[in-house]
Structure formats: structure tokens, C-alpha cells
Amino acid sequence: MKKIIFGLLIMFSVACFGQNTTSLDDAKLTQFANDLTRLPFSERDVIDKACELFKSTFKGDKDNADWGYQLLYYYHQLSCEDKTITLHKTFSDEEIRSLKIGDIVVLPKLRGEMKSFEKEYAKYGYRIMSFEDTSYCIEVNPSFLYDRLKDYLTKDYSYYRGNWVNEYDEVPYWHAKLVVPIKEVMRRIQWRDEFLVKNPQFIRNDLVTREIEYLSFSVTKGLENTPIYDKNDVILPEYKSALQEYYSNHTETVWGKYYTEFIHRLALNKYRNSNSIDQFVIETLYPKGRKNIDPLLKYEDILVDNLMD
């Protein structure tokens, strides 16, 4: 059994987290980052200029366009801070609430102004988001850049990013609660697992693996308000059957083997949870000492250092 655990930990920490940066052109990415910092960052349409810069920089170079797209998305996210300040200088929280929640009455003229603001910023990939109906900010519309630039990306990265965009607004967790069916969680794990099998040298293997770990936590550990065990610590039938079905159809994938081992350990304990099983889950999903440095950190720092005074 110890050999099995050790083998799994090695497999997860080494095989799943190797980053393929062979296509990353440091000079081109550095130049792109510096060129982005020279754009009129505070203007609402700056992302249009940034997209044109992206196209001219990476036209005919899809391998580096994959990296440039990630940096551009980060740039778009950074610009949200400036746009959020504009939002709060223009409207009060109560006025924004009346637009997003609709439970506060405002004058028709003011509502029209707020809708015009929302529509104008939507043209540049921004949207007003509410957090617990108490605070508001400007956030990136995740499909904005993808819809514009997907043809510049490699087939593999475009496939990954397109699926990621489609799932973005349907998060599996909310306040320690699973808010999508387990069938959907397993579907999200499945396409990522199969994608990594077909593309072991994918440039963001690390991101895809972290996403699988995040999803796997909910189905092999459980969440505060969505446990996977009943009051007697026995795994719930819907989780047991979902995991058994998955590993039956994915006998040779990393995650199929992980779920096989997880259910095997439960079976030896009459399908009851234990501290050792919990420890196995945590150590496998989040092994100690694993290092995973974002290969784009250098270029993101250029943006932060030059844009966020």
C-alpha cells in the first residue's frame, strides 16, 4: 500500500506539473509587455488598442500567441481596478444596487444613465459584478478576448480556453457549497483529464491540473456545506457511483487511477471515511514541497510595476 501511495504522489508531483515553455520567446513577450504599458491605460477603450497590438505582435506565431493571450488577459484584468474606481465615482452603491438587484427605486433618468454606462463599458469587455449584494466592481467578461482572438491561438490552447470560458460563470463552489450537480463536476474533470492525456506537453499543464485538483476536492473530500458522507461517515451513493463509473471508463489516466485508489481505500473501511483517507486525499491533491512558479510572472511584473502606481 505504501508503494501505491508513493507512486501516486510521484506521478502527481512530477508528471502533472511539468511546464512546457519551449515555445516561449522571452524577447517577444518582454517587448509585448513593455508595449502594453505604453498604451493609454486609463481610457475605457484601451483594450481595443491592446488587441490590435496583440494581433500585430503575434500574427503568424500561434505558439507565442498562446502566451501573449494569457498576458493580455491579465492586462485586461488589471485595467478593471481603474474602471471600478470610475464606477464608484460616477454612482453610489445604492444606485448600482438598483441597477443590479432592482430593489431600490431611482429616477428613470438616473436608471437610463446607469444602463448607458453599463452598455458603454460592455463594448470593451467589462461588466458590473455584485458580491453578496453588498459590494460592486468592474470585472472582465471572460469571453471578450477569446471571441476576438481565438483564431490567433493554437488549436490546443483555443480548445482549452474555450471550455474554460464556457464554465467561468458556472462555478462549482459558492461559500463552501457545491452549486452544480456532481455529474457536471465529473464532466469538467473528464474533459481536462482526457485533454492532458492527448496533450502531455500542453503549455499550461499546471493550470489544467490545478483545476482538476480543485474539482476533485469536492468529490473526494467534500465541502463544508456539501459533504460526500452521510451522518455515519459512509460515502453517499451518488458520489460512490459517479467515481466508480469514472474510473471504470478511465482505467489508465492519472485521475482515473486516483479515484480507483480512493474508492479502494474506502472499500477496505466499509466505505466509511477515516483520518488516513482524508490524509491520502490531501497529500495526493496537494503534495508538500511541490513548486509551481507561473512562467508568466516575469512579464506580469512588468505590467504591475509600470501600471499600478
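Quick note: the coordinates plus some simple rules give every number you see, no bench work behind them. Computed from a prediction, not measured in an experiment: that's the story for all the values here. Cβ sites come from the backbone with ideal geometry, for glycine too, and all protein chains shown count toward neighbours.
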Check: With each run of n ≥ 4 DSSP H residues scored as -39500 (n - 2.57), what mean residue ellipticity at 222 nm is computed for the chain after dividing by its residue count and rounding to the nearest 500 deg cm²/dmol?
Finding: -19500 deg cm²/dmol
Check: Comparing 206, 66, 103, which has the greatest mean-square fluctuation in the GNM of the chain with Cα pairs linked when under 10 Å apart?
Finding: 103
Next item on the list: Pull up all non-local amide H partners of residue 226: gap of 5 or more, or a different chain, and H-to-H distance under 5 Å with H placed in the peptide plane.
Entry: 178
Check: Which order results if 185, 234 are arranged by neighbouring Cβ count within 10 Å, fewest first?
Finding: 234, 185
Notebook entry, point to check: Hey, what angle do you get for helix 254-268 against the long axis of the chain, alpha-carbon based, 0 to 90 degrees rounded to 10?
Noted result: 50
Checklist line | Under the Karplus curve 6.51 cos²θ - 1.76 cosθ + 1.60, θ = phi - 60°, whole-Hz ³J(HN,Hα) for region 239-245, x wherever Gly or Pro sits | finding: 6, 4, 5, 5, 6, 5, 5
Check: What relative contact order, as a whole-number percentage, does the chain give when Cα pairs under 8 Å and 6 or more residues apart are counted?
Finding: 22
Check: Which whole-Hz ³J(HN,Hα) couplings does region 209-226 yield from phi under the Karplus relation 6.51 cos²θ - 1.76 cosθ + 1.60, θ = phi - 60°, glycine and proline marked x?
Finding: 5, 4, 5, 5, 4, 4, 6, 5, 4, 6, 9, 10, 10, x, 10, 3, 9, 9
Margin query: Output wanted: per-residue J couplings in Hz (rounded whole) for region 99-115, from phi through Karplus 6.51 cos²θ - 1.76 cosθ + 1.60, θ = phi - 60°, x for Gly and Pro.
Written below: 6, 8, 9, x, 9, 10, 8, 10, 4, x, 5, 5, 4, x, 5, 5, 5
Margin query: Could you list 76, 175 so that the one with the fewest beta carbons within 10 Å of its beta carbon is first and the one with the most is last?
Written below: 175, 76
Item checked: Gaussian network model of the chain, Cα within-10 Å springs - most flexible of 230, 156, 193 -> 230
Item checked: GNM result for the chain, Cα springs below 10 Å: residue of 216, 79, 42 fluctuating most strongly -> 42
Next item on the list: Please label the shape of the chain as rounded, prolate or oblate, based on the square roots a ≥ b ≥ c of the eigenvalues of the alpha-carbon gyration tensor (a/c under 1.5 means rounded; beyond that, a/b larger than b/c means prolate, else oblate).
Entry: oblate
Margin query: Greater than 20 Å separation of Cα atoms is the criterion. Which listed pairs, 59/155; 49/150; 183/231, meet it?
Written below: 183/231
Checklist line | Spatial separation of Cα centroids for region 35-51 and region 67-127, in angstrom | finding: 18
